[in-house]
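Peer 1: Quick one: this structure, given as structure tokens, is what I'll be asking you about.
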Amino acid sequence: MAEQARGAASPARYGFTDDRADAQLRAAGWWTDAGADESSRGVLVALSRAADPDLALRGLDRLREADEPGWPELSEALCGDPAFRGRLISVLGTSSALADFLVGAPGEWRRLAQDKCTETECFAGELLAAVGQPPPVADGSDGGKPATAGEGDPAVGGGSGSAAAGGSGLAAVGESGAQAGDGAIPTAGSGNAAAVPTTGEPLTGAAAAQAPQSAALAPTGQRGTAAAQDSRGAVSAPTGTAAAQAPQSPASPTTGEPLTGTAAVQALRTAYRGLLLEIAAADLAHVVEPSLEQPSYEEITGRLTALAEAALVAGLAVAHAELAAKDLDGTKLAIIAMGKCGGRELNYVSDVDVIFVGEGDLQLATRLASKTMQLVGTACFEVDAALRPEGKAGALVRTLEGHTAYYRKWARTWEFQALLKARAVAGDAELGRQYVEMVDEVVWSAAERENFVEDVQQMRRRVEKHVPSDLADRELKLGRGGLRDVEFAVQLLQLVHGRADTNLRSASTMDALHALGAGGYVGLADAAELETAYEFLRTVEHRLQLRRLRRTHLFPDPSETAELRILARAIGIKPERGRSEAELLVADFRRYAQRIRRLHEKLFYRPLLQSVASVPTEALRLTTKQAAQRLAALGYAAPDGALQHIKALTAGVSRRAAIQHALLPVLLDLFADTPDPDGGLLAYRKVSEALEDTPWYLRVLRDEGAVVERVAFLLGTSKLVPDLLVRAPEVLQLLGDPSRLAGRDPREVAKSLRATVRRQPGLKAAVAAARSLRRHEMLRVAAADLLGLLDVQQVCAALSSVWVAVLQSALAAAIRKREAEVGGTPAKIAVIGMGRLGGAELGYGSDADVLFVCEANDGADDGEAVRFASSVAETVRQMLGQPSADPPLQVDADLRPEGRGGPLVRTLESYRAYYARWGEVWEAQALLRARYIAGDDGLGERFTAMADEIRYPRGGLDAGRVREVRRMKARVQTERIPRGTDPTLNTKLGRGGLADVEWVVQLFQLRHAHELPSLRTTSTPGALSALAEAGLVAEGDAASLIETWLLATRVRNATMLVRGKASDQVPSSGRELAAVARVLGYSDEDDPGEFLDFYRRTTRRAHAVVERVFFED
């Protein structure tokens, strides 16, 4: 039983896998043969929650061995204080390097036994005390006397928020926490070169392990006791009293003798590591003790930054002490934080990037800067000044004037991107302020540099290329979907949009991302996704670095399941639904990396960025007098009116107004490049107001590829597009993908339309659905046409196909309705397409010319069949022809026998009898383009066969009928062109126009199609090609006629697109002419008159061919 009991009470139940766990627990006094001691059960449960229970227990065992006399106190605290237990065990189970530190300085654990961590304002005081320097004091006088202080940060619970102190980012806090006066900056040591916080990274575990052997280390037992007796529970008072009690130090702070050299480095290292321990414990404790509050990501990075800044304060103070014999009067030094230090977003292990600005004796300032870098680099973290002008090859310290000259003349694009995070953190207050002002000026105008956006994008691609391919998927920082993807995207958006919007001018990635979302530059959902993913990757990075306090950005290989499990537990991931912590972590990592990459590519390569960057900064302020002047210069005919549109679009504080404010500067420039800037802006306002309740409208313009550029061109060129767009806004989403916009097969479109209409419950619903789908398709085709994605024959085929589908759907719905009314179907009905519909050559404003034919079903007579079919046909015409905001859907049956005076519907035999007895040559000519399009297939085929006998008469036309055709052409050409118009610019009836070419084709078909089947086509270009192949028309002549017919069709369509209404007359001047020319492919720099000359020249040449070919025998 005893054996069974021991087996049941195995340490393994608490997650231990190390064979030494039983012995270690017994040595701690927490385990017996009966299992866990009741008083220590909470400790074992906490150990079981640690990232690595074995590592945590091993750390506790080492602490016990290192300080046997103090073990009972530590054990009692662990058993009785859940908060302390969570802090200590979480650190020991995550970081072997911090465990090494605690073992080497056992009393340091007492830091974690306090109710609250050391305040960030006290960091500098504690580190200064450790090196024998006086506590920080505010300096409100002339800035020449040294004083130091930690910088408060509201985001991390700091004292005086520097961000609010006039924008300089500098504040000084004295021992009592009071702010410095007049923007004074904290300084350290003696002399004029002052010091303030920056940011940084801890040393590796090896350095920490060696630190306790140094004679300069504070005796942790005494120090810990003093800390434990602090009435506020803090480890060190602002004056650093506890640290000053180190009797083993070569020069104790209590004697007033500052530490220098190795002793200063060792003392600074220990104090720095102790505060780092506090930060890590606060960061991790909730994992082990879930009842403890989890600090935010921003709080932890802010505390790490404050600690690094305090280390720079202390390092600079020691540097002053070591150079005390030198004359520092007249020498000034300001330290500028860059990178994550400037952004207050440091890691546990990170270089601190800085730039030094000096004044006076630059040699002496350089020695002070170099000494500070050496001291802090040895004790705490590497200080990197490689971001200075000319990099490592440049001078370590330059004057403000030297920096200014460099940035204005020589700096490369990436340097402005780096300067976005520049923040004065140490040294002379006035010098630092002047530097920040200078940097603001160059940073927030950098986007106006030539190729700025492309340079930043190219820099990101170069960074990616340097990542080894076998590590790219695991690289947290530089790889695809890594931290740099977020940072590059955010910084580029800041630099482009932040020129006019000061809310974006933040050095913090998370703050900037939040501001971009709030300002409408990034979708709220996208911003939230990026924030979550970025925080996740940074948390993973923190946990990886904590393990051994080494700089690493490499996610473990999927095969390293043990490491992945520990990392996942350190983050707080728990197994669920049969999936292990490691599996969940890998899945999360991949999911977040994919999200980041997707959003990076969406935002970072957004064409809108290049457009915004090309807008001068002053033009980004939309409602100023200067803006009106600029609008006039851009070509707006009514700049004051344009400003009114702008005001209406950006009024208020809604998110919609914010996005409009971001879009309009670009749109104004884009409209200026269109034929009608004023009309484009007005159309945009109308569309925006009509779609104000469409949530994705502005988001698509902002986010989706080149949509905004294409919309601007469409609205500034066409009056038809805006009217369609407000009623078919979904087409907007196709503009970002040319393949979706132009790549739809007309047959698939027709099939989809018929299926949708067939599902509608009644005739009205069916016709409404058909109208809606036709509207969508017409807008899609128009947009693709205007953007040059479809040729004219594709346009005509698509428009004809959708018209046919509408007729098919309307006919089927009308038949169903009439069937329900009469209780049966007495007739078959077919619709025959005529004219351009029959030839599949419809334009945007074309009517549908048709014939209706019927045939009685069994049991019905012809009269009953005709009455039924006529009712159906009239219903189709009325329903489709009802007035609406869409282009008209007129069903024209005037080409039927006897025209408008004849019956709307005839039987097939009635058509046959009419054409046989009464048919005229023009009616046979009209039948050349007859094509069955809707209704009963069999009836349609029989009508076509009947029509073939009429339009392809045996033996062709006799001479008399040929003369009749020629006389008709001459009469039409004379009588039907509107008076007062230029006949050379009439696309339909003018010389070389559509009708001119079609008369030729149809005459040859009437004469020769009976013997040449290739001529039996309803397509004009197809028939011309067949004529050339048959040798009836010379190839050159046929090519000229085809070219002209296609040109006239294009121009006719373009005129409809530009004017918004059907017209056969080409505009001869003004903006409409310019717009038509643009649609035809001429640039905005070309003279529109060149297009008119080309059109007239081409049609004149074709007319000469017509005159010769049409009238020769």
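The values are calculated or read from the model by the stated rules, or taken from the named source; none is laboratory data. Treat the numbers as computed from the prediction; the structure is a model and nothing was measured. Glycine gets a Cβ as well: all are built from the backbone with ideal geometry, and neighbour counts include every protein chain shown.
Peer 1: Please indicate, with yes or no, whether at least one residue in region 825-839 is in contact (Cβ under 8 Å) with a residue 60 or more places away in the chain and part of a loop (DSSP other than H, G, I, E, B).
Peer 2: Yes, there is a match, as at least one residue in region 825-839 is in contact (Cβ under 8 Å) with a residue 60 or more places away in the chain and part of a loop (DSSP other than H, G, I, E, B).
Peer 1: Next question. Of the residues LEU25, LEU74, LEU88, which single one is in contact with a strand residue (DSSP E or B) (Cβ under 7 Å, 6 or more places away or on another chain), assigned to a helix (DSSP H, G or I), of a type outside the set (S, T, N, Q) and buried (at least 17 other Cβ atoms within 10 Å of the Cβ)?
Peer 2: On the way: LEU74 fails: in contact with a strand residue (DSSP E or B) (Cβ under 7 Å, 6 or more places away or on another chain); LEU88 fails: in contact with a strand residue (DSSP E or B) (Cβ under 7 Å, 6 or more places away or on another chain).
The match here is LEU25.
Peer 1: Test TYR697 against the stated conditions and say whether it is aromatic (Phe, Trp, Tyr) and either touching a strand residue (DSSP E or B) at 6+ places or on another chain (Cβ under 9 Å) or modelled with pLDDT under 95 (or both).
Peer 2: Yes: the conditions hold for TYR697.
Peer 1: Further question: When both residues are 6+ apart or on different chains and their Cβ atoms are under 6 Å apart, which pairs have a first residue that lies in region 561-579 and is in contact (Cβ under 8 Å) with a residue 24 or more places away in the chain, and a second that is in a loop (DSSP other than H, G, I, E, B)?
Peer 2: ILE566/ALA51; ILE566/ASP52; ARG569/ALA51; ALA570/ALA51; ALA570/THR94
Peer 1: Among the numbered conditions (1) part of a helix (DSSP H, G or I); (2) touching a residue at least 60 places away in the same chain (Cβ under 8 Å); (3) touching a Leu at 6+ places or on another chain (Cβ under 7 Å), tell me where THR1099 comes up short.
Peer 2: Just one mismatch for THR1099, condition (3).
Each row is one residue, and each column tells you yes or no for (1) at pLDDT 95 or above; (2) within 30 Å of ALA672 (Cβ to Cβ); (3) within 43 Å of the chain's Cα centre (by Cα).
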residue	(1), (2), (3)
ALA1048	yes, no, yes
ALA1054	yes, yes, yes
SER1068	no, yes, no
ARG1097	yes, no, no
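Peer 1: Enumerate the helices (runs of 4 or more DSSP H) found wholly within region 642-744, keeping only those where 1 or more residues are in contact with a Gly (Cβ under 8 Å, 6 or more places away or on another chain).
Peer 2: Working: elements: 655-672, 677-690, 697-703, 707-715, 720-725, 738-742.
Where helices (runs of 4 or more DSSP H) fall fully within region 642-744 and carry at least 1 residues being in contact with a Gly (Cβ under 8 Å, 6 or more places away or on another chain), they are 655-672, 677-690, 697-703, 707-715, 720-725.
Peer 1: Could you tell me whether region 787-810 includes any residue that is buried (at least 21 other Cβ atoms within 10 Å of the Cβ), more than 42 Å from the chain's Cα centre (by Cα) and not charged (D, E, K, R)?
Peer 2: yes
Peer 1: Here is a further query. Could you tell me which numbered condition GLN878 fails, if it satisfies all but one of (1) surrounded by fewer than 22 Cβ atoms within 10 Å (Cβ to Cβ); (2) not in a helix (DSSP H, G or I); (3) not charged (D, E, K, R)?
Peer 2: (2)
Peer 1: Tell me whether region 31-40 contains one or more residues that are charged (D, E, K, R) and either more than 17 Å from SER75 (Cβ to Cβ) or part of a loop (DSSP other than H, G, I, E, B) (or both). Break it down into steps so the answer makes sense when it comes.
Peer 2: Initial filter on region 31-40 (charged (D, E, K, R)): 33, 37-38.
Pick out the ones that are also either more than 17 Å from SER75 (Cβ to Cβ) or part of a loop (DSSP other than H, G, I, E, B) (or both) and you get 33, 37.
The answer is yes, given that some residue of region 31-40 is charged (D, E, K, R) and either more than 17 Å from SER75 (Cβ to Cβ) or part of a loop (DSSP other than H, G, I, E, B) (or both).
Peer 1: Wholly within region 493-585, which helices (runs of 4 or more DSSP H) include no fewer than the required count, namely at least 3 residues that are touching a helix residue (DSSP H, G or I) at 6+ places or on another chain (Cβ under 6 Å), surrounded by fewer than 22 Cβ atoms within 10 Å (Cβ to Cβ) and of a type outside the set (Lys, Arg)? Explain how you work it out, then say what you get.
Peer 2: Details: elements: 509-518, 524-548, 561-571.
Ranges flagged: 524-548.
Peer 1: While we're looking at this one, here's another question. Being surrounded by fewer than 19 Cβ atoms within 10 Å (Cβ to Cβ) and either in contact (Cβ under 8 Å) with a residue 60 or more places away in the chain or on the phi < 0 side of the Ramachandran plot (or both) is the requirement here; does ASP353 meet it? Give the derivation first.
Peer 2: Numbers: surrounded by fewer than 19 Cβ atoms within 10 Å (Cβ to Cβ): no; either in contact (Cβ under 8 Å) with a residue 60 or more places away in the chain or on the phi < 0 side of the Ramachandran plot (or both): yes.
So ASP353 fails the test.
The rows are residues; the columns are (1) buried (at least 18 other Cβ atoms within 10 Å of the Cβ); (2) at pLDDT below 85; (3) touching a strand residue (DSSP E or B) at 6+ places or on another chain (Cβ under 7 Å).
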| residue | (1), (2), (3) |
| --- | --- |
| TYR592 | yes, no, no |
| VAL615 | yes, yes, no |
| ARG655 | no, no, no |
| LEU668 | yes, no, no |
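Peer 1: If you don't mind, another one. Tell me which residues, restricted to region 734-750, are touching a residue at least 12 places away in the same chain (Cβ under 8 Å) and farther than 23 Å from PRO722 by Cβ.
Peer 2: Keep residues of region 734-750 that are touching a residue at least 12 places away in the same chain (Cβ under 8 Å), which gives 734-738, 741-742, 744, 746-747, 749-750.
Passing the criteria: PRO746, ARG747, ALA750.
Peer 1: When you scan region 918-942, how many residues do you find that are in a helix (DSSP H, G or I) and over 20 Å from ASP894 (Cβ atoms)?
Peer 2: Filtering region 918-942 for residues in a helix (DSSP H, G or I) gives 921-927, 937-942.
Filter again for over 20 Å from ASP894 (Cβ atoms), leaving 937-942.
Count: 6.
Peer 1: Scan LEU1041, LEU1057, LEU1092, LEU1073 and give me the residue that is assigned by TED's automatic domain parsing to the domain that holds GLU1011, closer than 25 Å to VAL1001 by Cα and either surrounded by 22 or more Cβ atoms within 10 Å (Cβ to Cβ) or touching a residue at least 12 places away in the same chain (Cβ under 8 Å) (or both). Reasoning before the result, please.
Peer 2: Values: LEU1057 fails: closer than 25 Å to VAL1001 by Cα; LEU1092 fails: closer than 25 Å to VAL1001 by Cα; LEU1073 fails: closer than 25 Å to VAL1001 by Cα.
Residue meeting the stated conditions: LEU1041.
Peer 1: Please enumerate the residues belonging to region 745-762 that are exposed (fewer than 14 other Cβ atoms within 10 Å of the Cβ) and assigned to a loop (DSSP other than H, G, I, E, B).
Peer 2: Correct list: ASP745, ARG759, PRO761, GLY762.
Peer 1: Among the numbered criteria (1) without any contact (Cβ under 8 Å) to a residue 40 or more places away in the chain; (2) in a helix (DSSP H, G or I), which single criterion is violated by VAL376?
Peer 2: For VAL376, the exception is condition (1).
Peer 1: Within region 623-632, is there a residue that is surrounded by 13 or more Cβ atoms within 10 Å (Cβ to Cβ), modelled with pLDDT of 85 or more and either assigned by TED's automatic domain parsing to the domain that holds ASN503 or not β-branched (Val, Ile, Thr) (or both)?
Peer 2: For region 623-632, residues surrounded by 13 or more Cβ atoms within 10 Å (Cβ to Cβ), modelled with pLDDT of 85 or more and either assigned by TED's automatic domain parsing to the domain that holds ASN503 or not β-branched (Val, Ile, Thr) (or both): present.
Peer 1: Here is a follow-up. Determine, yes or no, whether THR399 is over 25 Å from LEU128 (Cβ atoms), of a type in the set (S, T, N, Q) and in contact with a Gly (Cβ under 7 Å, 6 or more places away or on another chain).
Peer 2: Numbers: over 25 Å from LEU128 (Cβ atoms): yes; of a type in the set (S, T, N, Q): yes; in contact with a Gly (Cβ under 7 Å, 6 or more places away or on another chain): yes.
Answer is yes for this residue.
Peer 1: Another one. Being small (Gly, Ala, Ser), free of Cβ contacts under 8 Å to residues at least 24 places away in the same chain and assigned to a helix (DSSP H, G or I) narrows it down to one of ALA765, ALA783, ALA798, so name that one. Please lay out each step first, then the result.
Peer 2: On the way: ALA783 fails: free of Cβ contacts under 8 Å to residues at least 24 places away in the same chain; ALA798 fails: free of Cβ contacts under 8 Å to residues at least 24 places away in the same chain.
Going through ALA765, ALA783, ALA798 in turn, the sole match is ALA765.
Peer 1: Identify all residues within region 1076-1089 that are in a loop (DSSP other than H, G, I, E, B) and surrounded by 16 or more Cβ atoms within 10 Å (Cβ to Cβ); write none if there are none.
Peer 2: So in region 1076-1089, the residues in a loop (DSSP other than H, G, I, E, B) come out as 1080-1087.
Listed by number, the residues that qualify are LEU1080, TYR1082.
Residues are listed down the side, and each one gets a yes or a no for (1) small (Gly, Ala, Ser); (2) touching a Lys or Arg at 6+ places or on another chain (Cβ under 6 Å); (3) closer than 30 Å to PRO722 by Cβ:
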{"site": "GLY838", "(1), (2), (3)": "yes, yes, no"}
{"site": "GLY845", "(1), (2), (3)": "yes, no, yes"}
{"site": "GLU855", "(1), (2), (3)": "no, yes, no"}
{"site": "ALA893", "(1), (2), (3)": "yes, no, no"}
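Peer 1: Please determine, by comparing only the residues of region 263-306 that are over 20 Å from ASP100 (Cβ atoms) and of a type in the set (Ser, Thr, Tyr), which one is surrounded by the most Cβ atoms within 10 Å (Cβ to Cβ).
Peer 2: THR305
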